[in-house]
1. Looking at A:GLY281, A:GLY315, which is the one that is touching a strand residue (DSSP E or B) at 6+ places or on another chain (Cβ under 9 Å) and not aromatic (Phe, Trp, Tyr)?
2. Taking B:ALA206 as the residue in question, decide whether it is in the same structural domain as B:MET168 (by TED's automatic domain parsing), over 31 Å from the mean Cα position of the chain (by Cα) and at pLDDT below 95.
3. Determine which single condition B:GLN289 fails, assuming it passes every other condition in (1) more than 8 Å from chain A (Cβ to nearest Cβ); (2) buried (at least 22 other Cβ atoms within 10 Å of the Cβ).
4. Residue check: is A:PRO37 more than 14 Å from chain B (Cβ to nearest Cβ) and either surrounded by 23 or more Cβ atoms within 10 Å (Cβ to Cβ) or over 20 Å from A:HIS180 (Cα atoms) (or both)?
5. Kindly provide the set of residues from segment B:21-42 that are under 14 Å from B:GLU183 (Cβ atoms) and facing another protein chain (nearest Cβ under 10 Å), ordered by number.
6. Please verify whether B:ALA170 is assigned by TED's automatic domain parsing to the domain that holds B:LEU40 and either part of a helix (DSSP H, G or I) or buried (at least 20 other Cβ atoms within 10 Å of the Cβ) (or both), treating the condition exactly as stated.
7. Is it true that B:ASP161 is surrounded by fewer than 19 Cβ atoms within 10 Å (Cβ to Cβ) and assigned by TED's automatic domain parsing to the domain that holds B:ILE186?
8. Would you check if B:LEU277 is aliphatic (A, V, I, L, M) and farther than 27 Å from B:ILE54 by Cα?
Amino acid sequence: MVDLKLTAKDFKSDQEVRWCPGCGDYAILAAVQGFMPELGIPRENIVFVSGIGCSSRFPYYMNTYGMHSIHGRAPAIATGLSASRPDLSVWVVTGDGDALSIGGNHLIHALRRNVNLKILLFNNRIYGLTKGQYSPTSELGKITKSTPAGSADSPFNPLSLALGAEATFVARTIDSDRKHLQSVLRAAADHQGSAFVEIYQNCNIFNDGAFELIKDASSRDDHLIRLEHGQPVTFGADNQFSVVHPAGGFGLKVQEGGEAIVHDTSVDDPAYAFALSRLSGSDLGTTPIGVFRDVQRPTYDELIAKQLNDARADGSPDQMLDDLLNAADTWTIL
Amino acid sequence: MSAGAKRVEQLDRVVIRFAGDSGDGMQLTGDRFTSETAQLGNDISTLPNFPAEIRAPAGTLPGVSSFQVHFADYDILTPGDAPNVLVAMNPAALKANLADLPAGADIIVNTDEFTKRSLAKVGWATSPLEDGSLGEFAVHPVALTSMTVGALADHGISKKDAERAKNMFALGLLSWMYSRPFESTIRFLERKFAKRPELVAANKAAFQAGWNFGETTEDFAVRYEVKPAKMRPGTYRNITGNQALALGLVAAAVRSKLPLFLGAYPITPASDILHELSKHKKFGITTMQAEDEIAAIGAALGASYGGALGVTTTSGPGVALKGETISLAIALELPLVVVDVQRAGPSTGMPTKTEQADLNMALFGRHGEAPLAVIAPKSPSDCFHAAIEAARIALTYRTPVILLSDNYVANGSEPWLLPSSSELPDLSVEFATAPNGEDGRFLPYLRDPETLARPWAIPGTPGLEHRIGGLEKADKTGDISYDPANHEFMVRTRAARIEAIDVPDVEVEDADEAARVLVLGWGSTYGPIGAACRALRQRGLPIAQAHLRHLSPLPANLGEVLRAYDKVVVPEMNLGQLAQVIRARYLVDVLPFNQVSGLPFTAATLENMLEDVVKNG
């Protein structure tokens, strides 16, 4: 890491931030800008790519390279950029509608390819920019403008989805917990390959208080599970709850007391992290945050770069082109 | 293989159609015959015609696959209207192609396949070989399968493998009939079956048996020669449009000194471009088979943003899916080449049949005012130069360019006079490296006064950090802007930028300069229109031909050209899409002539139509 003497201020663009006052996005922006200098990467080598939605305005506010693209396609655009420019640090900023509805296909394929992207999914469980329709992470029965009788759609669990695509880095954090948010960003940035970070983000206009249960000091301790690599997974005001592996059963469950599992982000089989992801439901009753999974496998970028490198030939490109054009059954007319 | 003692007759041109079941290897047979013919120096044009089904039920009409090759001792423009010779490997192949044959044509049939069951599959109660219904043709019955199996009896291969070699028997026979040099086919067999020497030997033997059969049987009393064509001096190869297009993209990468990034999703008839480009990594070419058409163009655009030549290749349905990203590329003002190998639509349509019906989509198929450049190649080998031209426009003017190929030129082939790399245009680009604003700021939308192109400032360049996006941008700064006057200015500027693209004037071929009728075409119809015009001129009927390569912007002299004639005819393989543009833009009441059969125009169809216009106005 190079000390470039950058500060958070260096990552603020000259654009006026136009989110609603009180939006959780402000906290995330400040956390990202505050954390960026730690990367030791010159600003010109950092690119933020986004899709459409409130969160996708993010690149305009970062004094790096940035592209505000079209709905759902940021992972595809960022894949082309990252694969052709492995020297860059490419970040995707997206929301629950952008990433999981219209862009669901691109998200899972970026993750399965393990493109070297840091994907920040701001999950507020609502469509904000289109003014308040339910999203693919809204709870079943959600009453919104487009579902006055309650939505009939079951929500995605974004982490389960990412793990199903065999994402190599999967984490969750919360907009209001700056320290935790930055520690997760740090781990994501350190990861080689796709890093998928779900950030619970409050939309104070259309879905205010969606995450209050795990934010409010009076309730959070009994519902929020802080995952720490190498530590037993326990929680509760008196640390009375344990996440255990039930004998003879699949997956994990929460119980009072008992022998808690010890969290290990390096478990190769995604089934472990998947089981952790299933602890959280729409009701947020037991919600793990932190890094679920952090494993290594070859990245798309390096595999592509290797193929190009292996094929690289010395010699004049013009001559190689002439050779290629002539590499067939040819005949000559005098 | 000796030259034999039979009478040799000289011909100036021949059209042969090989037809059989999808599994009979007719494309390969035609391809080999073409290659042999190319070696001889004839001019050639080919037309493959195959079903979209990989293997339709054997022996049925939908399963018939054919390959037509036209070769001559002078320069030709089309694969020929009607075959002089049909090779029919089964009753379905005979039935499917019979209507195209002129009286007197030679038909070589594989009699082994004319069983009651095979005849019944195509609805024939009696065999046309026996019921006299082929009286107007010269029928040559040949027991192709059994003679091949017989010739290979000692080769120690399965009966199935022996039967499969019957296409080489047919090729040997036709190669004898038309005095083709066979060395390239022998080399080809040695390459193709390198891992199975027994099949090399068997296929060579089958080819030899076919050749010998021609020489010995009394049914073939004459063999033919077609002398080499007088062509421009130089080195030639035979090439299909898709191959030429892929090589043109390689050339564009070399001549621009940029890495090329192809994002593509498999689709007929464009996939061969992806296959070809994926072989050329040593030119710094990355090919990505994306999860869908949208990701394919998205990745290409992302690569362009990073400083690569971004390309996506597809067919009509894919272009429909890519529309929103093309609009983004227009707003971002980044280079991007979008190749549309058109096929018959709408929807899935006829994926292996040709059409020119995506012109409207290319010109207008986006939301908002979203102009871009559109060009179309006129022949298989022209796809090479069209690809370079598309890259030139994209890189110079920072715009998406749609290249409208189609199935006819993509899969058809012709001899190609090989260019040398050094004579191809220099496509070098300059990335922005320093702030361009008076106050030391970087203004991503400050335009070059001549091209109206904005700077291409790629990530990694210190001091030029900036944000771009699909929201309307303020002039010069690129900041988000909802200002009414700014939007009006930006919309008009984006349009002016496309209109200002430097494209060559359209040329008019008017041999006698006496023509009162102009025929205006675009893209792949060049061959049949040109052949029809030649035929008319030979008959003393003057006609002028102009052909458009640039559809957007149109050449500056086009209005003047159109107004110089009493009548302008516009033949298209659609329902009049260019005709509508011409009428709207130039107020010239052109006469559309349209065909949407999935097949290219025949020269005769156009000749008849144009004759009527020339004579009767």
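1. From the options A:GLY281, A:GLY315, the qualifying one is A:GLY281.
2. Spelling it out, it is not the case that B:ALA206 is in the same structural domain as B:MET168 (by TED's automatic domain parsing), over 31 Å from the mean Cα position of the chain (by Cα) and at pLDDT below 95.
3. Checking B:GLN289 against (1) more than 8 Å from chain A (Cβ to nearest Cβ); (2) buried (at least 22 other Cβ atoms within 10 Å of the Cβ), the one that fails is (2).
4. Answer is no for this residue.
5. If the condition is that a residue be under 14 Å from B:GLU183 (Cβ atoms) and facing another protein chain (nearest Cβ under 10 Å), then B:SER35, B:GLU36, B:ALA38, B:GLN39, B:LEU40 are the ones that fit.
6. Yes, satisfied.
7. yes
8. No; evaluated as a whole, the condition is false for this residue.
The values are calculated or read from the model by the stated rules, or taken from the named source; none is laboratory data. Predicted model, so just to flag it, every value in this text is computed and none were measured. Neighbour counts run over all protein chains shown; Cβ positions are idealised from the backbone, glycine included.
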